[in-house]
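The values are calculated or read from the model by the stated rules, or taken from the named source; none is laboratory data. Note that the coordinates shown come from a computational prediction; the quantities given were computed from them, not determined experimentally. Backbone-built Cβ (ideal geometry, glycine too); neighbour counts: all protein chains shown.
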Amino acid sequence: MNSDHNKAVVKEFDDLGNGNGNGDLGRLDDLCAPDMVNHALAPGAKPGIEGTRDVLRGARRDTHPACWLESHVVAEGDMVVQFGVREHDWQGGSFRGFEVPAGTYTRDTAFAYRLVDGRIAERWAIRDDLAMLLQLGALRDLR
C-alpha cells in the first residue's frame, strides 16, 4: 500500500483512540492485522487487537476524550509516525506504581506504526510520563 493509504488507516485508528469517529471498535479488525503486536500494552494485558480493544474501552474516551494539541504525521512506505502534544483527563488512581490524583495534563507523545498489506501490524507508544506525574502532583518538581 502507499503512504497516503497507510496514513488514512492510522488516522482512523487514532480517531478511535481519541473518542472521535463512530466509536465502532469493531473497526479494529479491519484496520489491524490479525496478528498485530501492540508494544504499548501493559504487562499482563491481552495481546494484539483484543488487548487494544480492552484499553480503548477502559479509557472512557467517550466521556474523557484525549486530543492532539499539536500533531505531525510522517509516512514512508509501510512506516507511519505521529508526534505531538496530547491533552488527557486522568480519572485518578495508580499509574506505574504512583498514586496519581485526577486532573487534566498535557505531554509529548509519539506513536509509531508498521503496516503490512495496508493494516497495522505493530504499534509503539513513546510518552512523557514524567510530565504527567509532575503536572498532576504525583511527584514534586525537584528543580
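Just one of Glu122, Glu70, Glu76 is under 15 Å from Asp14 (Cβ atoms) and modelled with pLDDT of 95 or more; which is it?
Exactly one of Glu122, Glu70, Glu76 is under 15 Å from Asp14 (Cβ atoms) and modelled with pLDDT of 95 or more, namely Glu70.
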statement: The condition from (1) more than 23 Å from Ser3 (Cα to Cα); (2) within 15 Å of the chain's Cα centre (by Cα); (3) in contact (Cβ under 8 Å) with a residue 40 or more places away in the chain that Phe98 misses is numbered (2)
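Could you list, in sequence order, the residues of segment 1-40 that are hydrophobic (A, V, I, L, M, F, W, C), in a helix (DSSP H, G or I) and in contact (Cβ under 8 Å) with a residue 24 or more places away in the chain?
Within segment 1-40, Val9, Val10, Phe13, Leu16, Leu25, Leu28, Leu31 meet the criteria.
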Flag if Leu28 is within 20 Å of Leu136 (Cβ to Cβ) and either in contact with an Asp or Glu (Cβ under 8 Å, 6 or more places away or on another chain) or surrounded by 11 or more Cβ atoms within 10 Å (Cβ to Cβ) (or both): no
- prompt: So Gly58 fits all but one of (1) under 13 Å from the mean Cα position of the chain (by Cα); (2) free of Cβ contacts under 8 Å to residues at least 24 places away in the same chain; (3) surrounded by 12 or more Cβ atoms within 10 Å (Cβ to Cβ); (4) within 14 Å of Leu16 (Cβ to Cβ); what number is the exception?
  reply: (3)
- prompt: Would you say Thr104 is among the polar types (S, T, N, Q) and within 13 Å of the chain's Cα centre (by Cα)?
  reply: no
- line: Across segment 115-125, the tally of residues that are over 14 Å from the mean Cα position of the chain (by Cα) and either assigned to a loop (DSSP other than H, G, I, E, B) or aliphatic (A, V, I, L, M) (or both) stands at 5
- prompt: Which one of these is at pLDDT below 90 and farther than 30 Å from Gly137 by Cα: Gly48, Gly23?
  reply: Gly23
